Structure formats: C-alpha cells, structure tokens
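K.L.:
A single structure is presented below for examination.
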Amino acid sequence: MSEYLMRDEAPLTEEEWHKLDDVVVNTARQHLVGRQFIPVFGPFGVGMQTIYHDVFRGDTDTSLNMTGDAETEPLGTGQRDYKRLPLLYKDFQIHWRDIESSHQLGVPFDYSLAAASAYFVARAEDKLVFHGDEALAIPGLLNAPGRHTLKKDAWSQEGKLFADVVKATEVLGAEGFYGPYALVVSPKVYAWATRVYESTGVLEIDQIKRICDGGVFRSEVLQDSEAVMVSTGAHNMDLAVSQDLVTAYLDTENMNHLFRVFETLTLRIKRPGAICTFE
C-alpha cells in the first residue's frame, strides 16, 4: 500500500486490514447508485487534483460511400475545461481497548464503524453525481446545463410515470441519444411504480424496465418526486477517479485510533443532451 495511507503505523494485522478493506468496499457497493450505470475512468493516482473535461461537438451523421472522400464533420472537443477532483471522506475512531481485546483474548473485531463511514462516503458520491457541487463548479445529472427537461404529470396516479418515461425516450431519441437508458428515481417515486399497471397484472415498474434496459434505480439522495433518465455510455458521461475508495490510518487521540475512508473523483458530462430530467 502507498505510504500516504500510513497503514504500517496502525495496530492492525495484515489479515485485519484485508477484512476492513472488504467491509468498506462491499458496503459502498451496496449503496452506490451512480456507478451502476456510469462508467469509471481511472483510477490514475491520488496526486492528480484536476482533470480535463471535454464537451463534444460535431455532426453525428456517419458517412457511407465507396471512396471515403465525402465531406464530414469530425467529432471533436467543442469545449474544454478542467475539473477539480475533490476528496470525499469520513473519519472513524476505534477504541484502543477494543483492538487489544481482539488481539489478546480473541474477541471478534467489530468493523461496523468502518462500514458506516463507507456508507456516508458512498452517499456523498451519489450526492455529487446527482446534485453536483456549486462551490466546486461541478454540475450533477439533475442540474447539468444543456440537459433536456420534461414537465412531469401526476405520478401518484396510475400509469402517469410510465407515460412520462416513454415521452423521455422520445425526447432523447429525437436528438440522437438512444439506449440503453437508465432511470433513477426517489424512494417515493419508486414506491409509486410498484403498483399494478392498469389491468395487465404487471407492475408499472416492470413495464418501465422494458424501456429502461440500462436499469431502473432508487436513490435516497433524490427527494420527493425527483427523477432523471440518461442515455448511458462513456461517450456521454463518466466518473473520473484518481483514488478509488480506500481506508487510511490517521493518528492516535487519547490512545484511540483514527482512520479515514476516502476517495477522490468527479463527474464528467461530455454530452449533456444525453440527460433528461422531470420537472
């Protein structure tokens, strides 16, 4: 492991570090939503603090002829800026006597504080993905400039959510953004979608999944009736990661041991037209 993690200073055995890493990563995987449909670019080293961000331009039509001499506008960088790669982290403390009890008496080691920290970092990542961060000038999927917006119907009524999902595919498809589509909704909207659709005997969410073959997801960082649909793929967006989720040892405080679960990443939206929000 890298020296900046200071793991050699911690009072944990190699086996305990492996177990802690498994707990942290598995906990994050259970709760992360954005990574289930957004490709990851990296990791490329924690020392990298910024990364270029291109918004694509160019004609999307593809030439077809026998000679290859027809004029066509190449895809390229329409706009380039640089995104900062912020740290997302949560610290936790392990009591020194708990470690000593585990080592001396064979008492099972409790990794629940590490798991809780991983959960909070995962939640922070999804907040960044969906809502962005105004202070760091990082837009999220729900507020990205250039996205499509669709006025939503009364989703608490049967069939209205499905109808709006169909409209969103029409909006995106008309602009050349085809599937796979992924849909992310708030817990409230997800609950509405679990009712039977009309007289079919099929749940409304199952009807939606036939259209959104990139997945239908529920995220607690979305509130009330928030929802977003995207055309997936690295050509549309990705998560640029310099340091993926990892745990570092920090220091001792009153004999107790401080650890940090952290990562560094940012969302890059390359084609904002691939996003449709419901407002």
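The values are calculated or read from the model by the stated rules, or taken from the named source; none is laboratory data. Keep in mind the model is a prediction, meaning the values are calculated, not measured. Cβ sites come from the backbone with ideal geometry, for glycine too, and all protein chains shown count toward neighbours.
K.L.:
Just wondering, is there one or more residues in region 120-129 that are over 19 Å from Arg268 (Cβ atoms) and either in contact with a Cys (Cβ under 8 Å, 6 or more places away or on another chain) or in a loop (DSSP other than H, G, I, E, B) (or both)? Full working, then the answer.
P.N.:
Taking region 120-129 first, the residues over 19 Å from Arg268 (Cβ atoms) are 120-123.
Then drop every residue that is not either in contact with a Cys (Cβ under 8 Å, 6 or more places away or on another chain) or in a loop (DSSP other than H, G, I, E, B) (or both), which leaves none.
No, region 120-129 has no match at all.
K.L.:
Between residues in region 43-60 that are among the acidic types (Asp, Glu) and residues that are at pLDDT 90 or above, which pairs lie under 9 Å by C-beta distance while being six or more apart or on different chains?
P.N.:
Between residues of region 43-60 that are among the acidic types (Asp, Glu) and residues that are at pLDDT 90 or above, the close pairs are Asp54/Arg268; Asp54/Lys270.
K.L.:
If you check Arg195 against the conditions, is it farther than 15 Å from Phe130 by Cβ, in contact (Cβ under 8 Å) with a residue 12 or more places away in the chain and not assigned by TED's automatic domain parsing to the domain that holds Gly132?
P.N.:
Details: farther than 15 Å from Phe130 by Cβ: yes; in contact (Cβ under 8 Å) with a residue 12 or more places away in the chain: yes; not assigned by TED's automatic domain parsing to the domain that holds Gly132: yes.
In short, yes.
K.L.:
Check Leu88, Leu161 and return the single one that is modelled with pLDDT of 90 or more, in a strand (DSSP E or B) and not acidic (Asp, Glu). Give the derivation first.
P.N.:
Numbers: Leu161 fails: in a strand (DSSP E or B).
When all the criteria are applied, what remains is Leu88.
K.L.:
While we're on this one: Would you point out which residue out of Leu245, Leu222 is at pLDDT 95 or above, under 29 Å from Ala115 (Cβ atoms) and assigned to a strand (DSSP E or B)?
P.N.:
On the way: Leu222 fails: assigned to a strand (DSSP E or B).
The unique qualifying residue is Leu245.
K.L.:
Right, next: May I ask you to say which residue of Leu136, Leu222 is within 30 Å of Val246 (Cα to Cα) and assigned by TED's automatic domain parsing to the domain that holds Thr50?
P.N.:
Numbers: Leu222 fails: assigned by TED's automatic domain parsing to the domain that holds Thr50.
The unique qualifying residue is Leu136.
K.L.:
Give me the residue from region 152-190 that is hydrophobic (A, V, I, L, M, F, W, C) and exposed (fewer than 15 other Cβ atoms within 10 Å of the Cβ) and, out of that set, nearest to Met237 (Cα to Cα).
P.N.:
Initially, region 152-190 is screened for residues hydrophobic (A, V, I, L, M, F, W, C), giving 154-155, 161-163, 165-166, 168, 171-172, 174, 177, 182-185, 189.
Restricting the remaining residues to those that are exposed (fewer than 15 other Cβ atoms within 10 Å of the Cβ) gives 154, 163, 166, 174.
On the way: Ala154: 30, Ala163: 26, Val166: 22, Ala174: 19 Å.
Here the residue is Ala174.
K.L.:
In region 130-158, what residues are under 21 Å from the mean Cα position of the chain (by Cα) and either among the charged types (D, E, K, R) or part of a helix (DSSP H, G or I) (or both)?
P.N.:
Initially, region 130-158 is screened for residues under 21 Å from the mean Cα position of the chain (by Cα), giving 130-149.
Passing the criteria: Phe130, His131, Asp133, Glu134, Arg147.
K.L.:
Taking region 1-31 only, how many residues are hydroxyl-bearing (Ser, Thr, Tyr) and closer than 29 Å to Glu220 by Cα? Show your work before the answer.
P.N.:
Taking region 1-31 and keeping what is hydroxyl-bearing (Ser, Thr, Tyr), we get 2, 4, 13, 27.
Then drop every residue that is not closer than 29 Å to Glu220 by Cα, which leaves 27.
Within region 1-31, residues that are hydroxyl-bearing (Ser, Thr, Tyr) and closer than 29 Å to Glu220 by Cα number 1.
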